[in-house]
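First up is the structure itself, then whatever we jot down about it.
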Amino acid sequence: MPVSVHSVLATNLATNRYLSRRRIGSSLVNCSTETDRCVKLKNGNDSVEICRVLNGMWQTSGGWGKIDRNDAVEAMLKYSDAGLSTFDMADHYGPAEDLYGIFINRVRRERPPELLEKIKGLTKWVPPPVKMTSSYVRQNIDISRKRMDVASLDMLQFHWWDYANDGYLDALKHLTDLKEEGKIKTVALTNFDTERLEKILENGIPVVSNQVQHSIVDMRPQQRMAQLCELTGVKLITYGTVMGGLLSEKFLDTNLTIPFAGPRLNTPSLQKYKRMVDAWGGWNQFQVLLRTMKTVASKHGVSIPTVAVRYILEQPGVGGSMIGVRLGLAEHIQDANAIFSLVLDDEDVNSIQEITKKGKNLLQVIGDCGDEYRRI
């Protein structure tokens, strides 16, 4: 049945805040177990199990360096062999879906069936806000199925540009029909805000997750969205969690105001998340955060990105976090796998929160999840 969550949200606000405070701390003692590697995203009878650290394939779309097809597929095999078995892509990420199709065929031929069962390919559909007819939706989903060379998409994550046009409900109902036909295993969202997620659930559409921007700097999902997710079981998949690489040793103790003195912001993701840093508190304040995170990372013998992802994975409602992969150009398998065994204690969390609370509230600056894509 469709759920009504508005009144429940209000009455449970204080309880959820308490749970949010408690979630980071004592419960982390169990995070080194193998079960922490995977999570089941579920709504009703729909479910899919994914790796909690996802390989993000936006970086195949250009702007991060030339991708060689063979090198990229070899890298995908290496990631999956190392247990990092979930790949996130989109219809507009250049050759991402095509690369997945080549990769999954290599797995079918060259790897044991047990690995094939663990591998998941999550894609996104980002249509223009035109009339969402059944045939239009079906045609576009068939394109992704063909490119990825799968009979059924493990997950279709849906994005919508214009909330004034409620055709997103029509699209989601058609996607649900395709799920019933077996062409999609699970339906999910990307960059929807709390109000629209609630509306979708109240219309009885069984989405299993919502992919949103979420990092130590951008904590907007914890202010409204996570509470709804905790109540309904919808999980958050986060991107921008290492801020395109800004949350790393590479940018520690750098001064970007001096030309050519530090690393260049030479990728779309670095440029995007530098704007988030500016909105949050500026580069000097960000350096204080990086130094604090470096102290935590050194204490545990890991890297700053590992701390950044572990911190977000422990936030309420979060099912998995994305790390972008530059397939065949760079590799972070060791850092990614270290996330599963990292246990942040109260001292670590308190030291990070002492800095983050000095930053601006991005919910007030930008708006709710996804609003950065819909501002005029």
State the number of residues belonging to the range 204-229 that are open to solvent by 10 Å² or more (accessible area, probe 1.4 Å) and either among the hydroxyl-bearing types (Ser, Thr, Tyr) or touching a helix residue (DSSP H, G or I) at 6+ places or on another chain (Cβ under 6 Å) (or both). 3
Could you give me the residue pairs with C-beta distances under 7 Å whose first residue belongs to the range 146-166 and is closer than 29 Å to Ile102 by Cα and open to solvent by less than 20 Å² (accessible area, probe 1.4 Å), whose second residue is in a loop (DSSP other than H, G, I, E, B) and of a type in the set (A, V, I, L, M) wherever it lies, and which are 6+ apart or on separate chains? His159/Val126
Being under 17 Å from Leu246 (Cβ atoms) and in contact with a strand residue (DSSP E or B) (Cβ under 7 Å, 6 or more places away or on another chain) is the filter here; which residues of the range 306-324 pass it? Val309, Ile312, Ser321, Met322, Ile323, Gly324
Count of residues meeting criterion [open to solvent by 10 Å² or more (accessible area, probe 1.4 Å) and either under 23 Å from Val242 (Cα atoms) or among the basic types (Lys, Arg) (or both)] in the range 177-192: 4
State yes or no: is Leu189 outside any helix (DSSP H, G or I) and within 17 Å of Lys235 (Cβ to Cβ)? yes
Pick from Val39, Val73, Val53: which is under 23 Å from His92 (Cα atoms), of a type in the set (A, V, I, L, M), open to solvent by less than 50 Å² (accessible area, probe 1.4 Å) and under 20 Å from the mean Cα position of the chain (by Cα)? Val53
Can you pull out every residue in the range 120-135 that is modelled with pLDDT of 95 or more and touching a helix residue (DSSP H, G or I) at 6+ places or on another chain (Cβ under 8 Å)? Gly121, Thr123, Trp125, Pro127, Lys131, Met132, Thr133, Ser134
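Per-residue answers, yes or no, for (1) assigned to a strand (DSSP E or B); (2) open to solvent by less than 40 Å² (accessible area, probe 1.4 Å):
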position: Arg291; (1), (2): no, no
position: Ala297; (1), (2): no, yes
position: Val302; (1), (2): no, yes
position: Ala308; (1), (2): no, yes
position: Tyr311; (1), (2): no, yes
position: Pro316; (1), (2): no, yes
position: Gly319; (1), (2): yes, yes
position: Asp335; (1), (2): no, no
position: Gln353; (1), (2): no, no
Residue count for the range 204-252, restricted to those that are in a loop (DSSP other than H, G, I, E, B) and under 21 Å from Ala171 (Cβ atoms): 4
Pick from Leu270, Leu256, Leu201: which is under 25 Å from Thr306 (Cβ atoms), more than 16 Å from the chain's Cα centre (by Cα), hydrophobic (A, V, I, L, M, F, W, C) and not in a loop (DSSP other than H, G, I, E, B)? Leu270
Unmet criterion (only one of (1) open to solvent by less than 10 Å² (accessible area, probe 1.4 Å); (2) touching a helix residue (DSSP H, G or I) at 6+ places or on another chain (Cβ under 6 Å); (3) assigned to a helix (DSSP H, G or I)) for Ala279: (1)
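The values are calculated or read from the model by the stated rules, or taken from the named source; none is laboratory data. Small disclaimer: the values here were computed from a predicted structure and weren't measured. Here Cβ is always computed from backbone atoms with ideal geometry, including for glycine, and neighbour counts include all displayed protein chains. Heavy atoms of the whole protein, side chains included, go into the accessibility calculation; ligands, DNA and RNA do not. Shrake-Rupley method; radii C 1.70, N 1.55, O 1.52, S 1.80 Å.
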